[in-house]
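Step one of this worksheet: look at the structure below.
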Amino acid sequence: MRTFIHVCLLVLLISAGSKAKTIKLESDLLTVEIDEGTGRWVLLDKHSGTRWPSEGMAKPGSATWLEGDFVRIKTTNKKSVRLQNKNGIAVLFALVDEGKTFELSYEGKAEGSVRVLGDALAITDIEDGYAIVPCREGLLIPANSGKTFQRVFGTSDYEGCHMNMLGLIKAGSALIVTWDDAYVFAELKSTTPADKSYRQKLTASLELRRSAKSVRLTPLGKGDWNTIAAGYRRCAEKKGLAITLREKIRRNPHVELMVGAVDAKLWTCLARRMNEQSTKEESVKVHWTFDEAAQIAEHLRKDVGIERCLFMMGGWTEGGYDCRHPDNLPANPECGGNDALAAAVKRIQALDYVACLHDNVQDMYRDAKSWNPGYIEKRSDGSLITGGRWLGGRAYMVCAPKQLELAQRPQNLPAIKKLFAPWSYFIDTTYAVGPRECHDPNHPIGRNDDIAWKIRLSDYSREMFGIFGSECGREWALPHSDFFEGLVAVSGRYFHNLKPDDFGATVIPFFEMVYHDCQICYGKYGYAAERGAEFVAHHVLCARPLYYHSFPDHLYWKSTKNREREQTPIPDMACYTRSYNGWAEGMHPLDMFLKNTYEVLGPLHSATAHNTLSKLEFLTKDLTLRQATYGRGEDATRIIVNFGTKEAQVESTLGGKVTLPPWGFVIEGPRFAAFHARRWNGQEYGKGALFTLRAMGNKNMKEADRIRIFHAFGTETIKWKGGLYKVQREMVISVP
Ligand SMILES: [Zn+2]
């Protein structure tokens, strides 16, 4: 990390030439050369010696209003150059951010969008180029995959750019592109021409529409994805986005209970399905009464030993899940009504679990008491904008300022707070749906307004309940919320609709590299635990607790379905659901999986929650063996995960030569260690065993005289400091 401020040295040079003058903007980190007549430019990263573009010069942008020759006009700022064409459009080239960043912006009455950077930021396979896209956890897209594609990652859109940036690397030199406006649409395009010196070219271009008028390029010198994450974190801090969990805990002490907490969610206490028009009931079912919900929480705490939990309830509302929004009260009588829900919240929070109620103010249904087309977003022809077809019927999209207005009505959030007092509130879809536009003359909004209103809704809900979260997650929401549900993963996969393979991409925990210490994050949508080994491995690398959203109905653990599955296909995708010879043997399959994964991911998150992922490394050429280091120095936690389908050999400080099965891992931190391995510390474990070790009494692993050992499955013998211990479930050992 650079610890000193670079003093900007500005040199303006006019090169001698009869017509084309080259103007130079320079700091000690970068040089921008600009052709005065054409506005073409090139950026030199002085630390790495890399030019962007690699050859020739880049256009100032492509748009009809940018055509024609330019003449130089005055700027008040000596660190900038302003060129104007005959249309009266000016392009401003400026050094900002103490000379670290080059900003390109447009001034004047421009009709229509401009496309820029496609030429400047092209990277090829022979330059060993790759791009980083901040979509959910993050995509590493190499320029040598042989794949051709074209895809727009709109700002804050669903599976678009979830941070206002792109990262690019070529010839070992790193650069970030950043912007502020929600009308920026980034596009990645890969071509594989047959007639060039390179085999594949990857271009990143930005389309700037409406209010979007500027982009910034920050060259970072020699580096990789780690450099990009660190460089972007600096930008995020300057923008006030990197509000840390420590600050959020100061804001509301209950946030501390979210550190290392699982996300357990009863989606639909009452599930009522309505027809498309919301006029006819198609089915109605009570999955859990409020009393049963409280019993599940108590079971998780007392029988399964889950110490920290975000316990969320959906379908508590008057109509049942998703029905009749935004009119929630009273809590539905089918599940027990207001008093039973209040009692359940009290019992859940008596366990020090964070109780959370699931709500939605974006979707409105035709059978809602408050139904009024005046609230709904309009197209330019005045027609109403509809959303998805959910349990409540066809949803109509409430315009963002109206969402806040509805949430603030006395019968909405204020009454819910008064009746039930949960420590946390969740408003679905707020951070998932991309920025919206509305043409209702009474409440017209654009994409930036939509975000601004959703920020107000977040702040209002958070101030009302203390902790606030919403679906998926966007960078702009970080200062205004505490948790994201859906950022880490979706339905047992990395993404919802996006397929990383289409881009030849590897999913990397880029979000954790920039923001791990700033937010509580989970995945969303149910998944099959018995096919979830890679999914669990992904959560280990991200150091994120899992979410459990597929609870069977009622008091599920009392059912007879508690046999462990027999078959073990190779590779074993069901490995984390097993409890042979271990702690949860004989328990309900959900409890086995919950316990196995919680015992690893809960303490892992607690150990890393106040750090970022400071270094991500690929230990093999095929990128399947990955090492993530959270924090630095003595306090660092090192995680190695095998994403390959064959076993892998790694070296670790505590475990020596470790053999990892597919989706196995080894974790070593100052006070917590864990492994799912076939060999660890000289002990052989056949197909694999899972153990965790926690140092007791605030001492480091190496000095602790008491170690709590947990055993999930496999051979129950573990070696520690020359001693051999048999731990079938859990045990605190005294180390001589
Ligand atoms: Zn509107």
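For this structure, a couple of remarks:
- The distance separating the Cα centre of the stretch 432-448 from that of the stretch 124-170 comes to 27 Å.
- Under Stokes-Einstein, with the Kirkwood radius over Cα pairs as Rh, the value for the stretch 670-736 at 20 °C and 1.002 mPa s is 181 µm²/s.
- Three-way shape label, the stretch 254-342, alpha-carbon gyration tensor, a/c 1.5: prolate
- In Hz, Karplus ³J(HN,Hα) per residue of the stretch 65-74 (6.51, -1.76, 1.60; θ = phi - 60°; x = Gly, Pro): 6, 9, 6, x, 6, 10, 10, 7, 10, 5
- Dividing the summed helix terms, -39500 (n - 2.57) for each DSSP H run of n ≥ 4, by the number of residues in the chain produces a 222 nm estimate of -5000 deg cm²/dmol to the nearest 500.
- Dimensionless Rg over Rh [the stretch 591-631; C-alpha; Kirkwood]: 1.11
- Neighbourhood charge, 13 Å Cβ-Cβ cut-off, centred on MET696 and excluding it, Lys, Arg +1 and Asp, Glu -1: +2
- Note that the stretch 168-229 carries a Kirkwood radius of 13.5 Å, evaluated over its alpha carbons pair by pair.
- In this structure, THR645 and ARG456 have a Cβ-Cβ separation that, at R0 = 45 Å, corresponds to a calculated FRET efficiency of about 0.40.
- Between ARG389 and LYS721, the C-beta separation translates, for a Förster distance of 56 Å, into a calculated FRET efficiency of about 0.40.
- Summed side-chain charge close to GLY118 - residues other than GLY118 whose Cβ falls under 12 Å, Lys, Arg +1, Asp, Glu -1: +1
- Span-like helix ranges in the chain, DSSP H, alpha carbon extent 15 angstrom or more, Kyte mean at least -0.5: 337-350, 589-608
- Placed amide H near TRP720: partners under 5 Å, 5+ positions off or other chain: TYR725
- Mean Cα-pair separation over length for the chain, i.e. relative contact order, pairs under 8 Å, 6 or more apart, %: 9
- Sequence-distant residues sharing a close amide H with THR620 (under 5 Å, placed H): LEU625
- Whole-percent pair-distance distribution, where bins are 5 Å wide, for the alpha carbons of the stretch 607-734: 2, 11, 21, 23, 21, 14, 7, 1, 0
- Coordinate range along principal axes, alpha carbons of the chain, Å, largest first: 88, 68, 48
- Cα gyration tensor shape for the stretch 22-238, rounded if a/c is under 1.5, else prolate or oblate: rounded
- Three principal axis lengths of the stretch 146-191 [C-alpha, angstrom, descending]: 30, 23, 13
- The stretch 22-238, relative contact order [Cα under 8 Å, separation at least 6], %: 18
- Taking Lys and Arg as +1 and Asp and Glu as -1, the other residues whose beta-carbon sits under 13 Å from that of GLU318 total -2.
Bear in mind that the values in this text are calculations on the coordinates, not laboratory data. Here the structure is a predicted model, which means the values were calculated and not measured. Cβ coordinates were reconstructed from backbone atoms using ideal geometry, including for glycine residues, and neighbour counts include every protein chain displayed.
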